[in-house]
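These notes concern the structure reproduced below.
Please treat every number below as a calculation from the coordinates, not as lab data. Computed from a predicted structure; not experimentally measured. Ideal geometry is used to build each Cβ from the backbone, glycine not excepted, and the neighbour counts take in all protein chains shown.
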Amino acid sequence: MAIKFERVSFQYTSMDNKGYLALADINLSINKTGEFITLIGETGSGKSTLAQHMNALLQPTEGRVHIFGITVDDKTKKQRKIKLNPIRKQVGLVFQFPEYQLFEETVEKDIMFGPKNFGVSTEEAAKRAEKMIEVVGLDASYLKRSPFNLSGGEKKRVSIAGILAMEPDILILDEPTSGLDPIGRNALLDVFYNIHTELDKTVIIITHDMNTVYEYAKRVMVMREGVLVYDGDPVALFSKSNIDRWNLDVPDILGLTRDLEAKFDYKFTEPPRSRKALFKALEGMLK
Amino acid sequence: MKNIVIGRYIPGNSFLYSLDPRTKILALLILMIGVFVIDHIMHMVYAIAIIFLVLLLGKISIKRIYLGLRPLLFLLIFTFTFQIIFNRHGELLFEETLYYSPVSIALAAAIGIFWFFTKRFIKFRLLYFLMTLLAIGTVLSLTLFPGTFATGRFAVYEEGLFMALFIMLRLIIIVTLSTMLTMTTKPTDLNLGLEQILAPLKILRINAEEIAMIISISLRYIPTLLDEANKIMLAQASRGVDFEEGKMKEKVVQIVSLLVPMFIISFKRSDDLANAMEARSFAPGRPRTRLHVLTWKRLDSCVLALSFLLLVTAILSRVLL
């Protein structure tokens, strides 16, 4: 078990001492390999706060988080015995807005910044930058450009490359596809999926897009007002009662298959989860 | 960063809160001039007693004021010791010869180092610091150690002690007064008051309204920028920047990694804000109506009159006594 939450609650402190409970009594565990998780929920439901607990950027005010054998609780920061920095090498977190992290003169230097902080040599870091810029769908000509003259989508890709270059064991992405065009979005999701399948790494994606959830995820977590209300199979999540209960959007493919089933009075043996799978199933249906 | 008390508004209800901001600003100015006019330590003690009375009447907790003073503790201690050591007028109060020998200096240094490494475990740091100073002084004044190569003299004079106390009290009063103003006045009200007080400057072709707008926008963006800084720190921390530990050389890179995004975000924000203001037809210098209009009450006149009275008393006490 790579990450394990034990009765974790987190309260934001505010000026008038009336704290805001962002996480309430969360229990979950995540494996080091083989998981592709999507984390969904309305804005302000605590998704990002939960993600920031997974690499110890925030420490729970109650309960414990175990991350790769290190236990983090409310006293961890005060005691200063445990170094939290190594956790961040193992669990890479990409923030939603790339503006918060890009600062070097060139894209290359910015991608190298993370690995170098964790003791990777300059040559090795440069090699990784070269590799990762291609992985996120840009080419090597970007390496010498300034990160501030890029478009929003390009900045986003560079910031993701910066975390990928750290070669974390678990990759967490906070809304990685917001602000991207549909083609770029799908390409990037394929990148994450490839990282997951080829390197057998656990990937966690925070998203508002139910299509992503339905098509890619093996497991889905739903946050609602700081509470983890659902943790499990994405297909089961989109049952009629759950959709009504949590105000979820129906994924395009699921809506289409349901309509098809109703119209033609047909039952798919296994509901298709992607366009490709749907076409394949349709072939069977037409025969 | 969240514990800064200076300049922060704390909601409450007392007569200080219901005063017009113009009154409070003017009264602050008048009282500050009064504090600078006073030249006798006893009068300063009276002044601080009056401030205490106002704090009590205004239902402001002394603890909050103390928290506001805490960042200035260093300055207070510095001026105090400076006066005590270098001001050599008046009657001699206390004298001690200091013997510098290798052993005593080594021992004093050892105490200093011990203090440096243990201070984080002690709750009353200031007291601990003073005790350490006392211990060092005692060690240096002992004649036990051989090999004395120099002697020094530590003396406290009446004037030095009085001046030290005097300046300290003056600083405390000034900071308390300004903390009282900012604590009981919303930044927007403060700004409005300032704008109206500075309005006569139009004769000098200084546009008070613009200045007030600049101040209010800056004040408005302090919490926002703090929030942004926090987010940047988290984003960089997840790339392995350790803001709490790290060597000096790393610290420079850390600060750069915080400042560059900070600047970029601020520029972008100010650009957005300018556009948003223009989209709502804001034109500098044009007359505008106000959402909140300040009203002058009888209480305001009373407070202002009292402040004047105190200033006159201070001037009289200086001239006559």
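Some notes on this structure:
- Dipole of region B:208-284, positive direction: furthest Cα of B:Ser238, B:Ala276, B:Ile217, with charges on the beta-carbon: B:Ser238
- According to the calculation over all Cα-Cα pairs in region B:208-284, the P(r) per 10 Å bin from zero is 16, 38, 25, 15, 6, 0 %.
- Diffusion coefficient of chain B by Stokes-Einstein, Kirkwood radius over Cα pairs, 37 °C, 0.692 mPa s: 134 µm²/s.
- Whole-Å distance, taken between Cα centres, linking region A:80-137 and region B:212-253: 19
- Straight-line reach from A:Lys280: taking Cα to Cα under 19 Å and skipping same-chain neighbours fewer than 8 places apart, the aspartates and glutamates in range are A:Glu215, A:Asp252, A:Asp259, A:Glu261, A:Asp265, A:Glu270.
- Length gained on full extension, B:Phe124 to B:Glu91, computed as 0.36 nm times the residue gap minus the Cα-Cα distance: 8.6 nm.
- Inter-label distance for A:Val227 and B:Glu244, nm, one decimal - labels placed 7 Å from Cα along Cα-to-Cβ: 3.2
- Taking max minus min of the alpha-carbon positions on each principal axis, region B:1-93 gives extents of 50, 33, 20 Å, largest first.
- All lysines inside 25 Å of A:Lys287 as judged from Cα atoms, apart from same-chain residues fewer than 8 positions distant: A:Lys263, A:Lys267, A:Lys276
- Aspartates and glutamates with Cα under 12 Å of B:Lys186, excluding same-chain neighbours fewer than 8 positions away: B:Asp20
- For the protein assembly as shown, size of Cβ-based charge dipole, Lys and Arg +1, Asp and Glu -1, in debye: 1140
- Whole-number D in µm²/s for chain A (Stokes-Einstein; Kirkwood sum over Cα pairs; 20 °C, 1.002 mPa s): 105
- About the centre of its Cα atoms, chain B shows a dipole size close to 880 debye [charges on the beta carbon of Lys, Arg (+1) and Asp, Glu (-1) only; nearest 20 debye].
- The residues A:Met223, B:Met262, when put in order of fewest to most other Cβ atoms within 10 Å, stand as B:Met262, A:Met223.
- Where trypsin sites (Lys or Arg not before Pro) fall in DSSP loop in region B:259-321, at most 11 other Cβ within 10 Å: B:Arg280, B:Arg288, B:Arg290
- Helix runs (DSSP H) in chain B reaching 15 Å along axis by Cα, Kyte-Doolittle at least 1.6: B:21-37, B:41-57, B:73-86, B:102-118, B:125-141, B:158-184, B:298-320
- Cβ charges +1 (Lys, Arg) and -1 (Asp, Glu), total dipole of region B:49-108, debye: 560
- For region B:19-125, trypsin sites (Lys or Arg not before Pro) are listed when DSSP marks them as loop and at most 13 other Cβ atoms sit within 10 Å of their Cβ; the list is B:Lys59, B:Arg88, B:Lys123.
- Radius of gyration and Dmax over the Cα atoms of the protein assembly as shown, both given in Å: 32.4, 114
- Sparse packing (at most 15 other Cβ atoms within 10 Å of the Cβ) combined with a DSSP loop state is found for the following GluC sites (Glu not before Pro) in region A:160-234: A:Glu225.
- More than 15 angstrom apart: percent of Cα pairs within region A:94-153: 48
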